[in-house]
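Here is the structure we will look at, set down as structure tokens.
The values are calculated or read from the model by the stated rules, or taken from the named source; none is laboratory data. Here the structure is a predicted model, which means the values were calculated and not measured. Virtual Cβ from ideal backbone geometry, glycine too; neighbours counted across all protein chains shown.
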Amino acid sequence: MNSLPVAIQDFLNSTPYYPCLLLVHPRIERLHTVADELLGAYDWPRLSIGWELSETLLPIELKRRPPKAARWLEDRLNDFKPGPLLCTDIDLLFEPSLILNPLTLLQSASRITRLVALWPGTHQNGVLAYAIPEHAHYRTWRNPQLPIESLR
């Protein structure tokens, strides 16, 4: 995990405006490995956002899903105050039909509960990306204003 323990300790010892640490890597398999390592090293709860949110949204008609998704995350994070909480499987937040801004959503959510989120993508030269350019839901954000650790 190389510099990951240092990044986590720095995050835990700091008080950033948005208490959400993004751990970024383009390969999902690597993110799953890191999740297992973190769960073994820290006594944090884990929230599989994609798994739980999909169960919540499935019975809801399409046009009502976007506001429900954002409210669900805020409501669910209240169960984990004060954190930290490990958020995994965040891909569903990028589904275009949900009309969400996942970065803004995580920033806001981190004001409720301190988060460590596994982000499938890259962070280079101040630009955070979701997925790879060839992916249908590829998106980028300049200067995301969160602590970010690019995983090796």
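A quick yes/no check of all residues on (1) out of contact with any Leu (no Cβ under 8 Å at 6 or more places or on another chain); (2) at pLDDT below 95; (3) over 18 Å from residue 86 (Cβ atoms); (4) crowded, with 18+ Cβ neighbours inside 10 Å:
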| site | (1), (2), (3), (4) |
| --- | --- |
| 111 | yes, yes, no, no |
| 117 | no, no, no, yes |
| 121 | no, no, no, yes |
| 136 | yes, yes, yes, no |
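Looking at residue 129, is it under 12 Å from the mean Cα position of the chain (by Cα) and either surrounded by fewer than 16 Cβ atoms within 10 Å (Cβ to Cβ) or not in a loop (DSSP other than H, G, I, E, B) (or both)?
Answer is no for this residue.
Free of Cβ contacts under 8 Å to residues at least 60 places away in the same chain, outside any loop (DSSP other than H, G, I, E, B) and of a type in the set (Lys, Arg), is that true of residue 64? Even if it seems obvious, please write down each step before you answer.
Working: free of Cβ contacts under 8 Å to residues at least 60 places away in the same chain: yes; outside any loop (DSSP other than H, G, I, E, B): yes; of a type in the set (Lys, Arg): yes.
Criteria met by residue 64.
Select from segment 11-50 the residues that are farther than 25 Å from residue 74 by Cα and either of a type in the set (Val, Ile, Thr) or part of a helix (DSSP H, G or I) (or both) and list them in ascending order.
Those that are farther than 25 Å from residue 74 by Cα and either of a type in the set (Val, Ile, Thr) or part of a helix (DSSP H, G or I) (or both): 29, 30, 33, 37, 40, 41.
For residue 23, only one of the following conditions fails: (1) touching a residue at least 40 places away in the same chain (Cβ under 8 Å); (2) over 15 Å from the mean Cα position of the chain (by Cα); (3) over 13 Å from residue 114 (Cβ atoms). What is its number?
(2)
Hey, does segment 77-84 have a residue that's crowded, with 17+ Cβ neighbours inside 10 Å, in contact with a His (Cβ under 8 Å, 6 or more places away or on another chain) and among the small types (Gly, Ala, Ser)? Even if it seems obvious, please write down each step before you answer.
Just the residues of segment 77-84 that are crowded, with 17+ Cβ neighbours inside 10 Å, to begin with: 77, 80, 83-84.
Still in the running and in contact with a His (Cβ under 8 Å, 6 or more places away or on another chain): none.
Looking for residues that are crowded, with 17+ Cβ neighbours inside 10 Å, in contact with a His (Cβ under 8 Å, 6 or more places away or on another chain) and among the small types (Gly, Ala, Ser), one finds none in segment 77-84, hence no.
Does segment 1-35 hold any residues that are surrounded by fewer than 13 Cβ atoms within 10 Å (Cβ to Cβ) and of a type in the set (S, T, N, Q), and which are they?
Listed by number, the residues that qualify are 2, 3, 9, 13, 14, 15.
How do the pairs read when you match residues in segment 100-116 that are in a loop (DSSP other than H, G, I, E, B) with residues anywhere that are of a type in the set (Phe, Trp, Tyr), using Cβ under 6 Å and keeping only pairs 6 or more apart or on different chains?
From residues that are in a loop (DSSP other than H, G, I, E, B), the pairs are 113/80.
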